[in-house]
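Here is the structure we will look at.
The values are calculated or read from the model by the stated rules, or taken from the named source; none is laboratory data. As the structure is a computational prediction, the values presented were derived from the model and not from experiment. Every residue, glycine among them, receives a Cβ derived from its backbone with ideal geometry; neighbour counts consider all protein chains shown. Each accessible area value is taken on the protein alone, full model and side chains, heavy atoms only, with ligands, DNA and RNA left out. Shrake-Rupley method; radii C 1.70, N 1.55, O 1.52, S 1.80 Å.
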Amino acid sequence: MTRAYNFAPGPAALPEPVLRQAQADMLEYQDAGASIVELSHRGPEFVAVASAAEADLRKLVGIPDDYAVLFLGGGATTQQALLPLNLASEGQTVDYVVTGHWGKTALKQVDSRLKLNVAASSESDHFHSIPARETWKLTPGAAYVHVTANETIHGTEFRHTPDVGDAPLVADFSSSIASEPLDVSRYGVIYAGAQKNLGPVGVAVVIIRRDLLERAGLPRAEIFNYGVHNKHESMLNTPPSWNWYLAGLTFKWMLAEGGVAEFARRSQVKAKMLYAAIDGSGGFYRNEVDPAVRSRMNVPFFLPDETLTSKFVSESKVAGLISLKGHRVLGGIRASIYNAMPVEGVRALVDFMHDFQKRNG
Ligand SMILES: *Cc1c(COP(=O)(O)O)cnc(C)c1O
């Protein structure tokens, strides 16, 4: 069996040692007589898994004690709906900065009892850029300001944490969390679906400043209440235990590899190599994003026509480079190069790109 280099955007590649450990634990977890998927989430085995995962994530990302960490089902999109319900009160304004597909998705989850203000958007620029901070029309007294740290489809990434004044900054870090050092204290909430950089699909991580858990929010069911989830240590109902366990293994792997500083270094090397191959192709490959905000995680690019694009996708697959087809919204090619993608995988892609151009350019 050979595992291909998997450039999938999410669900994305997991580190092989994580999969091997999961395989070994699948029939029997330690001496429990059953798999971890088959054991109670309130039993000693899973409680230990859950608390180790939280401790490891705190260490990995550098999460201060005045932030709670929640592990919840429902993915990142559900958090986009829960955030307004929990952080804003009836009639209050919420500010959104829209820099791509996921920022737009977040808008659609905002409860109609709130006033939604799009403070800035780069849609008129086809999401090729991030609007300059000076142009944002923020609302004084807004409940929060929402940004998408890395736009997984459009391939833009904030390179600096924006200053938004008194309103808490809420950021969707689904596709870039743990890829470089992060000053958590600059944010009110950081949330991420795990299936890009943290592990498997099925669990989302919410890192929330504890004082924000005290906000009344909108009238809502208990299951949609972050404060209640926190009180129950993310076990108000049955949590996605298998996914939480796999994420925990992934955190351990990332710490053992050298933590976020090392992944920042690797990401730099990988992104630089790939963008250099695109920019150095004399226009055969094109990335249209403002170089100042190009994503280090998701690299969309285009070939001269559709025929070459399909040929690229099918031939790269034969060469052991899979899941390179672009998102249906954009077309073209997209290479997602998260923490689990080794530098050699990107080197193999770049070699393939050179060779493909030589044969077809
Ligand atoms: C994938 C993704 C989402 C959606 O995640 P789901 O878990 O499918 O809800 C939201 N935001 C960003 C930035 C993403 O990359």
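Worth pointing out:
- Less than 5 angstrom separates the built amide H of Thr156 from those of Glu151, Ser295, all sequence-distant by 5 or more or on a different chain.
- Ranking His128, His154 from most to least accessible surface, computed with a 1.4 Å probe over the protein chains only, gives His128, His154.
- Solvent-accessible ranking of Arg328, Arg286, Arg20, largest area first, probe 1.4 Å: Arg328, Arg20, Arg286
- Size of charge dipole - the chain - debye, nearest 20, with Cβ of Lys, Arg +1 and Asp, Glu -1, no other charges: 660
- Per-selection metrics, the stretch 1-56 (Cα): Rg and Dmax in Å: 14.0, 38
- Restraint check, Lys59/Lys270; Lys272/Lys311; Lys196/Lys358; Lys317/Lys358, Cα-Cα greater than 21 Å: Lys59/Lys270; Lys272/Lys311; Lys196/Lys358
- With Cα atoms as the point set, the stretch 158-247 shows a radius of gyration and Dmax of 14.2, 39 Å.
- Within the chain, percent of DSSP bridges classed antiparallel, to nearest 5: 55
- Taking the average, over residues, of other Cβ atoms within 10 Å as the packing measure, peptides 36-48, 88-100 rank 88-100, 36-48 from highest down.
- Amide H to amide H distances under 5 Å link Thr93 with Lys115, Ala143, where only residues 5 or more positions off or on other chains count and H is placed in the peptide plane.
- Kirkwood estimate for the stretch 17-256, i.e. one over the average of 1/r between Cα atoms, Å: 18.5
- Only Lys, Arg (+1) and Asp, Glu (-1) charged, at Cβ; the stretch 224-325 dipole about Cα centre in debye: 220
- Note: relative contact order over the chain, using C-alpha pairs below 8 Å and six or more positions apart, is 23 percent.
- Distance between the stretch 121-140 and the stretch 55-90 - C-alpha centres, whole angstrom: 25
- Size descriptors for the stretch 259-360: radius of gyration and Dmax over Cα atoms are 13.0, 41 Å.
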